[in-house]
Amino acid sequence: MRLQEAYNSSVRNMQRSKLRTALSLLGMVVGVFAVTLIVSLGLGLQSYVVGQVSAFGSDYLHLEPKLPGVAGRGSVGPGGVGIPATSLTNDDVALLRDPNVFPYITAVAGQRTAFEYLTYGNKNMRVFIAGTNDTYPIIDPQTKLALGRFFSFDEDRSRASVIVIGDAVAKKLFDSENPIGKKIRVKNVSLTVVGVLTKRGSAGFFDLDQLVFVPLGLVEDRISHVNYLNEINLKVRDASLLLQAQDDITRVLRRTHGITDPTKDDFTIASATDVLAQVNTVTSAITALLGFLAAISLLVGGIGIMNIMLVSVTERIREVGLRKALGARRGDIMAQFLVESILLTSVGGATGGAFAVLITLALVAVARHFGLAVPYVVSLPAFIVAAVVSAIIGVVFGVYPARKAAALDPITALRFE
């Protein structure tokens, strides 16, 4: 039997049994759909996170406190639940700003954060308060003002009662009213709005437009009532100086913190490159794991195809007997069933991939509508690999039913009821 004849016969049989064909296709559609969708969304999220980190620039360094001898940063888990790392303070910020010690550092900003409610009139909103220094917009170039200004050097040093609010905060508390000059309250502190940030969207599950900035000293003294920092961010004059900066900062902070054993460091320091490498490693691993789990559905779909083809062999025993009685060879019968199996898996794979592309584009469009600037990324390699694998599955799981059909005795088959 020629390949064209096997193909035509397979198509006719699939058309005769539309429900069975649809159920056969479903397993492969779901499998390729899941693999393509998960990998595409994973790559899109990875690209988005990398873009967010890259926006800080290649001349960026980030310091966080940690408990001495503990690998993690910030507060620790089991064995030290709820114990905050308090090793970074404003003294460290002042030291890093000293041009005699670090002449190549161009900007330094400490940060102390808190979740609190802002109140204006009869309206209130829970926001993420970032107590920081006046240099923060230099550290993060995405911090842009739609109205007003950021707080000044003098306001920072004097712990002035001023605040810069995010776009969502301005809309929730003030509607169409101009917020500049208005007073809002945090706890028992009255703050004057001096600036409104441009709309930035979300970073993961965090809405950047619900972020507000307040002078660091004010947050420490009157809002959080603690005098240690969550982090310190800084910029160097040139990216080529990052390694030198990391070495110098590590050496100086160890000396001022009284650390003689490097394994007892009470701080961590990372460059934008380090953060990007960690992000890429984590997101790639998660995407690969989820893609692998989704690929299991391809195996399940292949088993389903084999079961359907075995049922098809049973239903068509008399047809096989008649073909063999008329001169069809074992290879002809085997080719007929094998082509049908490959056709089912290939069509299912292509359909699943096409659906995945459409759903990926739709989900990204929805995310972008809500302010999450995820790029449109469709993993063509994942689609192609999944489609090819589905065709291979058609071969692997179609061989047994095809061989079983080809091995039928024509006399016995013709007598089958």
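The values are calculated or read from the model by the stated rules, or taken from the named source; none is laboratory data. Just so it is clear, the model here is predicted, and its values are computed rather than measured. Cβ: placed from backbone, ideal geometry, glycine included. Neighbour counts: every protein chain shown.
Is it fair to say F355 is in a helix (DSSP H, G or I), at pLDDT 75 or above and either over 30 Å from F206 (Cβ atoms) or of a type in the set (D, E) (or both)? Give the steps one after another, and end with the answer.
Working: in a helix (DSSP H, G or I): yes; at pLDDT 75 or above: yes; either over 30 Å from F206 (Cβ atoms) or of a type in the set (D, E) (or both): yes.
So F355 passes the test.
Scanning region 209-245 for residues that are in contact (Cβ under 8 Å) with a residue 60 or more places away in the chain and more than 18 Å from R112 (Cβ to Cβ) gives D209, K235, V236, R237, D238, A239, L241, L242, Q244, A245.
With the condition being closer than 22 Å to S224 by Cα, I'd like the strands (runs of 3 or more DSSP E) fully within region 95-206 carrying at least 2 qualifying residues. Spell out the reasoning first.
Details: elements: 105-120, 123-132, 145-148, 162-165, 183-186, 189-197.
Per the criteria, 105-120, 123-132, 162-165, 183-186, 189-197.
Given the options I249, I269, name the one that is modelled with pLDDT of 90 or more, part of a strand (DSSP E or B) and within 33 Å of the chain's Cα centre (by Cα).
Only one candidate qualifies: I269.
Scanning region 226-272 for residues that are more than 14 Å from V101 (Cβ to Cβ) and among the small types (G, A, S) returns A239, S240, G258, A270, S271, A272. Would you be able to say whether some residue in region 257-266 is modelled with pLDDT under 90 and under 30 Å from V39 (Cα atoms)? No: region 257-266 contains no residue that is modelled with pLDDT under 90 and under 30 Å from V39 (Cα atoms).
Can D134 be described as of a type in the set (D, E, K, R) and more than 33 Å from the chain's Cα centre (by Cα)? Please lay out each step first, then the result.
Numbers: of a type in the set (D, E, K, R): yes; more than 33 Å from the chain's Cα centre (by Cα): no.
Criteria not met by D134.
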